[in-house]
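Encoded as C-alpha cells, the structure appears first; notes follow it.
The values are calculated or read from the model by the stated rules, or taken from the named source; none is laboratory data. For clarity, every value in this text was computed on a predicted model and none was experimentally measured. Neighbour counts run over all protein chains shown; Cβ positions are idealised from the backbone, glycine included.
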Amino acid sequence: MTVESMQENGLFSDRYMQDPYRVFAEIREAGPIHRACIPSGIPVWVVTGSAEISAALADTRLSKDSARLRAIIDRASAARLDASSVGESVATDMLNSDPPEHTRLRKLVVKGFSARRIERLRPLVQQITDELLDALASRGTDGTVDFVEVFASALPLTVICELLGIPPADQRSFRAWSTVIVGSSSPDELRRATTALGGYLVQMMAAKRSAPADDLLSDLVEASDGGDRLSPLELVSMASLLLIAGHETTVNLLGSALLALLQHPDQFAKLRARPELLDPAVEEVLRYNSPAPVTTWRYAAEPMTIGGTPIATNDIVLLALGAANHDGRFTDPDAFDIERQTTGHISFGHGAHFCLGAALARMEARVALGRLVERFPDIALAVPAEELRWRPSVVMHGLTGLPVRLGRQRPTTRATPGSGTAG
C-alpha cells in the first residue's frame, strides 16, 4: 500500500486535525481498522471499531515496551527524519512499559493520585480558578478575551505544578516545552524541548532530595516499595509524563467543554438552570470531544489479527478512543447532550493503562466550569466557530485559541485564600 493510498481515508490530514470525528464517521463503514501515515510519514494501523478497541486495550500482544518501540520507530523513520529525536520522545515511564515493569512503576506513584490527595486539592483549585476568572475579566476590557490563553492553559498548569512542587517562576518555560513535545514539531524543536525539560527535572529532583517538601516530586524521590525505588532515569521520565499528561489533557478538556456549551446554547442554558448537571456535563464533553482521541503508540509483539485484518510483528497500532465514543453504543452519538447516560465512554482508556490523572482532570473541569457558568452566564463566541483552529497533534486534540465575549458578570462565592494546600 502506497503512502498516497494510505492518506486517501483522511486520517491525520489537516482536515482530520480540525475534526477527527467527521473523518471517523466517513471511514466507519469501511471497517474497524485502517492503514494511515502520521505526519512524519511513519505508517501505522488505526483501530476505530469499539469492540476491537476494547479488546486491544487488554491484549498483551500489543506492547508498549519503550526500548523496542524506539527501535521500531527508528527503522520506520530513518528515511524521513532524524530518528534519534523520535526515539527520545518515547520515554521510559509507565505509559511506555508493560507488566511487570508497568505494574511496578504504577505502584510506586499511584499514592500521589489518591482520592484523598485529589480532594485536598479542591480548595486550591477553586482559589486558582477564581483568580484566573478575575484575570479573564481584566484582560477582556472590551468584553473579548482568549479563553484558552488566559484560563484553560493557566489552570491545569498551575495545579499540576503546585501538585508536583514546581515554582511559579518556572511555569512559563514548562508550558513552552510541553507544547512542543505533544505537537507536530520538527526533530530539532523536539530534541531541544525534551533536553531542556529533562535537564530542568534533574535539577529539581536534586533539590527535592536535599530538601524534601510536601509535594509529589518529593514523593517520587522518596517512593519505595519493599526497598524498590525509581532509578534516576525513571524519576525524570515519570515526572515528565505527569507534567505533560496532567497539563495538556486538561487544557484540551476545558477548551472543548466551553466550546461545546457555546455551540449548544440549549445545553448551556440547561446547565445554568440546573448546576447538578455539572458532573454529567463533564462526562459528556469527555465522550463528545475527547482531549486525547487517539492513544499513544503500541506495537504488535507477534503476528495477530484485529478486526479480521492481519497485523505483522512490529507494526505500530493506534487506538482511536474518540471513534469508539461516537459509535452505535450511544443513541445519536454525534449530538451533545449533558443529560446523556455516558457510562461506557473510554476517553481515559481502561485496564492497566487507565489514565492515572483522570480524577484530577475531572475535578478541575467540574470546578472550572461551575465557576465559569456562575460568573459569566452570558459568555459567547467572539468569532464564527469555523474560524477556530485545532492544534496539529496525533494524540491530543485541543484548540489553539478560543476568543469569547464575556458579557455581564455575576458575583460568585469565592474560595477562602490559603484554604487549599498542594500537599
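If a residue must be closer than 24 Å to PRO411 by Cβ, in contact with a Pro (Cβ under 9 Å, 6 or more places away or on another chain) and surrounded by fewer than 19 Cβ atoms within 10 Å (Cβ to Cβ), how many such residues does the range 369-381 contain?
Summing the residues that are closer than 24 Å to PRO411 by Cβ, in contact with a Pro (Cβ under 9 Å, 6 or more places away or on another chain) and surrounded by fewer than 19 Cβ atoms within 10 Å (Cβ to Cβ) in the range 369-381 gives 2.
(1) at pLDDT below 90; (2) not in a helix (DSSP H, G or I): which one isn't true of ARG104, the others all being true?
That leaves (2) as the condition not met.
Kindly list, by first and then second residue, each pair from a residue in the range 227-251 that is in contact (Cβ under 8 Å) with a residue 24 or more places away in the chain to a residue that is among the acidic types (Asp, Glu) and crowded, with 23+ Cβ neighbours inside 10 Å, limited to pairs with Cβ atoms under 8 Å and residues at least 6 apart or on different chains.
Pairs that qualify, where the first residue is in contact (Cβ under 8 Å) with a residue 24 or more places away in the chain and the partner is among the acidic types (Asp, Glu) and crowded, with 23+ Cβ neighbours inside 10 Å, are GLU234/ASP93; SER237/ASP93; MET238/ASP93; SER240/ASP93; LEU241/ASP93; THR250/GLU364.
If you go through the range 244-254 one residue at a time, do you hit one that is over 22 Å from the mean Cα position of the chain (by Cα), assigned by TED's automatic domain parsing to the domain that holds ALA358 and in a helix (DSSP H, G or I)?
No, there is no match, as no residue in the range 244-254 is over 22 Å from the mean Cα position of the chain (by Cα), assigned by TED's automatic domain parsing to the domain that holds ALA358 and in a helix (DSSP H, G or I).
Provide a single number: the residues in the range 255-266 that are surrounded by fewer than 20 Cβ atoms within 10 Å (Cβ to Cβ) and more than 18 Å from the chain's Cα centre (by Cα).
Summing the residues that are surrounded by fewer than 20 Cβ atoms within 10 Å (Cβ to Cβ) and more than 18 Å from the chain's Cα centre (by Cα) in the range 255-266 gives 5.
Quick one: count up the residues across the range 181-197 that are surrounded by 18 or more Cβ atoms within 10 Å (Cβ to Cβ) and assigned to a helix (DSSP H, G or I).
The total comes to 8.
Within the range 288-300, does at least one residue satisfy the condition of being part of a helix (DSSP H, G or I) and surrounded by 14 or more Cβ atoms within 10 Å (Cβ to Cβ)? Talk me through it step by step, then tell me what you get.
Here is the first cut: in the range 288-300, the residues part of a helix (DSSP H, G or I) are 288.
With surrounded by 14 or more Cβ atoms within 10 Å (Cβ to Cβ) added as a condition, the list becomes 288.
Checked against the condition, which is being part of a helix (DSSP H, G or I) and surrounded by 14 or more Cβ atoms within 10 Å (Cβ to Cβ), the range 288-300 yields at least one hit.
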